[in-house]
Amino acid sequence: MTDKQTIAERIRAAREALGYTQQTLAELAGFANLQTISDIERGQREVKAWELVQLSRALHTDIDVLLGLRTATPPIRVLWRRGSLGKDGRREAQLIERARRFAQLEQWCGETSPSTLPNEEFEPTQATYRSVEDLADRYRRILDLGNIPAASLLTTLGETYGVKIFYEPLTEEVDGDSSAACVRGDFGAAVLLNASEAPWRRNFSLAHELFHLITWDSVEEAWARDAAVGEEPEWFEQLEKFANAFAANLLLPEESLGKYMDARADKGSIRYVDLINLARKFGVSTQALLYRLAKLRYIHQETVDRVLEDPEFETLDRHSRHIHWGDAPDTFPERYLRLAQQAYEREIIGPSKLAEFLEKPLGSFPLPDSGLADAAETTLTIA
């Protein structure tokens, strides 16, 4: 039988790894006050079964790990857009836990993705903008994204390559100025996007994180080689600039962008409204479009700066945002929800596990019909 001291040490280690205070853990686990956590961590109190379940969920840690029956997996680095250190550990643990649940659902339902996201050789200290742009061009073809890449990027990554994409409203108070995060592990590749951002900014963030995912192993090796413990390598800021260049090139291909520009330009000029509509067509922000046009030498950088500071342009852009913004996405992608429902219908999981995977209290949502395993296996003859 597991002793109290082992449980105490495991709970304390998991709490500290997430950066939680005892008060924070008590609140997340639904305890009346922090004294309960204090007593548990000092080994002075038995942990009841229901308390262990609550602590496991709050700490995003398996019960077997808290019991000392299994060793905790080594921490996985999560890369955040605009900086990787000093983030809320709960966000990172939550992202990894959700990605592992997603992978478990895929395994249970026998629905793995047809392709796996490649891992490219990439040396951060030797890369150039030209090599990064070439990489973006190649991946536009590999992913078969067409002339308007933003229109199919999300679906292609999620459905074809099994990238596990989740959404949370990221706030400056909790998350700093980061707008996205990504990670690769035994569960595959996962991305966290800011549900509060405009869809075109999420598109750019997803393309940005794609760069990190396809260079993951090489960057991890370089990180271990070049960075002191708890610090970012000197080249990380440049890596973020490379990721932005990759995203801009991926989402705004020169050939198709040039054709649309030529069609809209009139005697060497283009109207504000056409620029804004072009940005919406390609699924990017007007700022990203203007910077890309300057990069491709359609306009001068001074013109970009002037336009972005023009109140008239800002007014037109803001009006367009209201028309195209739409509702914020749900936390879980449609495929995750579909697999969770399928696992329940086929009696692979029960109501409690379904509630856990949906992160909702049992009874707060309608249960789908269970016991459909036989119907799910019924076959028909294909001519």
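All conditions in (1) of a type in the set (D, E, K, R); (2) farther than 22 Å from Glu92 by Cβ; (3) modelled with pLDDT of 85 or more hold for Arg10, with the sole exception of (2). Taking the numbered list (1) crowded, with 18+ Cβ neighbours inside 10 Å; (2) at pLDDT 90 or above in turn, Arg81 passes all entries but (2).
The helices (runs of 4 or more DSSP H) located wholly in the range 309-383 that include 3 or more residues which are exposed (fewer than 11 other Cβ atoms within 10 Å of the Cβ) and either at pLDDT 95 or above or under 28 Å from the mean Cα position of the chain (by Cα) (or both) occupy 311-324. Among the candidates Ala189, Ala151, Ala195, the residue that is small (Gly, Ala, Ser), under 22 Å from Pro329 (Cβ atoms), in the same structural domain as Ser131 (by TED's automatic domain parsing) and in contact with a Leu (Cβ under 7 Å, 6 or more places away or on another chain) is uniquely Ala189. Pairs linking a residue in the range 28-52 that is buried (at least 17 other Cβ atoms within 10 Å of the Cβ) to a residue that is in a loop (DSSP other than H, G, I, E, B), with Cβ atoms under 7 Å and 6 or more positions apart or on different chains, are Ile37/Phe31; Ile40/Val47. If you check Val191 against the conditions, is it in a loop (DSSP other than H, G, I, E, B) and either of a type in the set (A, V, I, L, M) or over 20 Å from the mean Cα position of the chain (by Cα) (or both)? In short, no.
Restricting attention to the range 242-301, the residues that are in contact (Cβ under 8 Å) with a residue 24 or more places away in the chain, among the hydrophobic types (A, V, I, L, M, F, W, C) and not in a helix (DSSP H, G or I) total 3.
In this entry, Arg77 passes the filter for residues that are in contact (Cβ under 8 Å) with a residue 60 or more places away in the chain, outside any helix (DSSP H, G or I) and either of a type outside the set (A, V, I, L, M) or not assigned by TED's automatic domain parsing to the domain that holds Leu170 (or both). Being polar (S, T, N, Q), surrounded by fewer than 21 Cβ atoms within 10 Å (Cβ to Cβ) and either within 20 Å of Leu117 (Cα to Cα) or out of contact with any Asp or Glu (no Cβ under 9 Å at 6 or more places or on another chain) (or both) holds for only one residue in Asn244, Asn249, and it is Asn244. Could we say that Gln107 is surrounded by fewer than 18 Cβ atoms within 10 Å (Cβ to Cβ), without any contact (Cβ under 8 Å) to a residue 60 or more places away in the chain and in the same structural domain as Phe242 (by TED's automatic domain parsing) here? When the stated conditions are applied, Gln107 passes them.
Candidates Glu133, Glu159, Glu121: the one that is out of contact with any His (no Cβ under 9 Å at 6 or more places or on another chain), touching a residue at least 24 places away in the same chain (Cβ under 8 Å) and more than 28 Å from Lys295 (Cα to Cα) is Glu159.
When the range 36-60 is filtered for residues that are basic (Lys, Arg) and either outside the structural domain of Thr24 (by TED's automatic domain parsing) or assigned to a helix (DSSP H, G or I) (or both), only Arg57 remains.
Listed by first and then second residue, the pairs linking a residue in the range 188-204 that is closer than 15 Å to Thr171 by Cα to a residue that is surrounded by fewer than 21 Cβ atoms within 10 Å (Cβ to Cβ) and among the aliphatic types (A, V, I, L, M), with Cβ atoms under 8 Å apart and 6 or more places separating them unless they lie on different chains, are Ala195/Ala328; Ser196/Ala328. Quick test of your reading of the structure: Ala224 fulfils all but one of (1) among the small types (Gly, Ala, Ser); (2) at pLDDT 95 or above; (3) surrounded by fewer than 18 Cβ atoms within 10 Å (Cβ to Cβ). Name the failing condition by number. So Ala224 meets the others, but not (2). Condition check for Leu145 on (1) among the aliphatic types (A, V, I, L, M); (2) assigned to a helix (DSSP H, G or I); (3) touching a helix residue (DSSP H, G or I) at 6+ places or on another chain (Cβ under 6 Å): one failure, at (2).
Of the residues screened, Thr303 is not one that is buried (at least 20 other Cβ atoms within 10 Å of the Cβ), outside the structural domain of Phe187 (by TED's automatic domain parsing), touching a helix residue (DSSP H, G or I) at 6+ places or on another chain (Cβ under 9 Å) and among the hydroxyl-bearing types (Ser, Thr, Tyr). Number of residues in the range 227-256 that are among the aliphatic types (A, V, I, L, M) and at pLDDT below 95 equals 3.
The values are calculated or read from the model by the stated rules, or taken from the named source; none is laboratory data. Keep in mind that what you see is a predicted model, and the values were worked out from it rather than measured. Counting neighbours? That spans all protein chains shown, and the Cβs are built from the backbone with ideal geometry, glycine included.
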